[in-house]
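Chemist: Please find one structure pasted underneath; my questions will follow.
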Amino acid sequence: MKSHKKAFTLIELLVVIAIIAILAAILFPVFAQAKAAAKKTASISNAKQLVLATIMYSTDYDDVNVVYQTWTTGPGAVAYYSGQGTMPWSFLIQPYTKNSQILADPQAPPIQQWPAGFSQSGAQAISPVYGYNYTYLSSPFCAPNDPCYRPISTTKLENPAETVLLGSKWSTAEFNFGATTIVWYGAPRGLVINYGIDSPHCDTVPMWCFGNWGSNSGNFVFTLGNNNKIDAGVRTGGNSIRAGRQMVIGWADGHVASKSPGAMGQGTTFEINTDAGSTVINNLSLYLWDDL
């Protein structure tokens, strides 16, 4: 007689499916964490290369930090607005990076698509996802309402290992304007906010911020579309906190580290859910955003 092969019963199939589902539930978060860790590592690597390129630029320019941005009516600018050509720090250091893609933070949403014919390097330079500590290293105001953007000498930095140079920031995909929009103050040659990150306290001339730290942080890129985009930096001056609720920060001595908002707000009364207007410096010796 022929023997009949025993088929799986419905209960056995359900048990197998349940086991697979349990394994998937266990493994998927692990895969997600591994992916997030890889993106954080890549972001730190990008910041490291940008910091080193900025230091190399300074070496070639008499030890003066790269200017936050400069304007021209002649050729060579990355983009032109109202007849004025803008050249941000992210564009000026490209001869040293040889790679504009490192201006994109892999933890952030990709920048908005620019029109056909606009170079990728130009689009990434005009919309960097890493921002410069302009309020100290290249102050936008030499006098009230005078946007002269004078970078300071690197020799002025007494403690470069504890002075912020740049950090990961919001992406243009996270605010409510078109890809070719830049947000500025005092156009057509004013402060462009797209290229920088703001410090916890800089509301006095010559240090003025577009947005402060904490809740109700005012005009920061018009609250990046809404007040809930905390990861993008709406409550931390545009410094993103995507790295496990930490910021990727590059320092003036060349090292890079991820730090919590609290650590980067030390020396002030900053708390992420406290009204921004109450943030003041209470210990300048601990403050990491200038070297005074």
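Chemist: For the range 239-282, how many residues meet the condition of being over 24 Å from ALA47 (Cβ atoms), of a type outside the set (Val, Ile, Thr) and either in contact with a strand residue (DSSP E or B) (Cβ under 8 Å, 6 or more places away or on another chain) or buried (at least 17 other Cβ atoms within 10 Å of the Cβ) (or both)?
Modeler: Count: 4.
Chemist: Quick one: would you say SER260 is at pLDDT 90 or above and under 27 Å from GLN112 (Cα atoms)?
Modeler: The answer is no for SER260.
Chemist: Can you tell me which residue among SER171, SER139, SER127 is closer than 21 Å to LEU284 by Cβ, of a type in the set (Gly, Ala, Ser) and at pLDDT 70 or above?
Modeler: Going through SER171, SER139, SER127 in turn, just one is closer than 21 Å to LEU284 by Cβ, of a type in the set (Gly, Ala, Ser) and at pLDDT 70 or above: SER139.
Chemist: Another question about this same structure. Determine which single condition PHE118 fails, assuming it passes every other condition in (1) part of a loop (DSSP other than H, G, I, E, B); (2) in contact with a Ser or Thr (Cβ under 6 Å, 6 or more places away or on another chain); (3) at pLDDT below 90.
Modeler: (2)
Chemist: Answer yes or no: is there a residue in the range 70-89 that is closer than 15 Å to ALA47 by Cα and either out of contact with any Pro (no Cβ under 7 Å at 6 or more places or on another chain) or crowded, with 18+ Cβ neighbours inside 10 Å (or both).
Modeler: The answer is yes; a qualifying residue exists.
Chemist: Ok, one more. What pairs can you find where one residue is in the range 260-285 and on the phi > 0 side of the Ramachandran plot, the other is surrounded by 15 or more Cβ atoms within 10 Å (Cβ to Cβ) and in a loop (DSSP other than H, G, I, E, B), and their Cβ atoms are less than 9 Å apart, with a gap of 6+ or different chains?
Modeler: Every condition considered, the pairs that remain are GLY267/PRO200; GLY267/HIS201; GLY267/TYR287; GLY267/LEU288; GLY267/TRP289.
Chemist: Can you say whether GLY214 is at pLDDT 85 or above, farther than 17 Å from SER139 by Cα and touching an Asp or Glu at 6+ places or on another chain (Cβ under 9 Å), as far as the supplied structure shows?
Modeler: yes
Chemist: Pairs please, first residue from the range 76-89 and on the phi > 0 side of the Ramachandran plot, second anywhere and of a type outside the set (Asp, Glu) and not in a strand (DSSP E or B), Cβ atoms under 8 Å, 6+ apart in sequence or on different chains.
Modeler: SER82/ALA187; SER82/PRO188; GLY83/THR73; GLY83/PRO188
The values are calculated or read from the model by the stated rules, or taken from the named source; none is laboratory data. The shown structure was predicted, so the numbers you read here are calculated from the model rather than taken from an experiment. All Cβ positions, glycine included, derive from the backbone under ideal geometry; neighbour counts span all protein chains shown.
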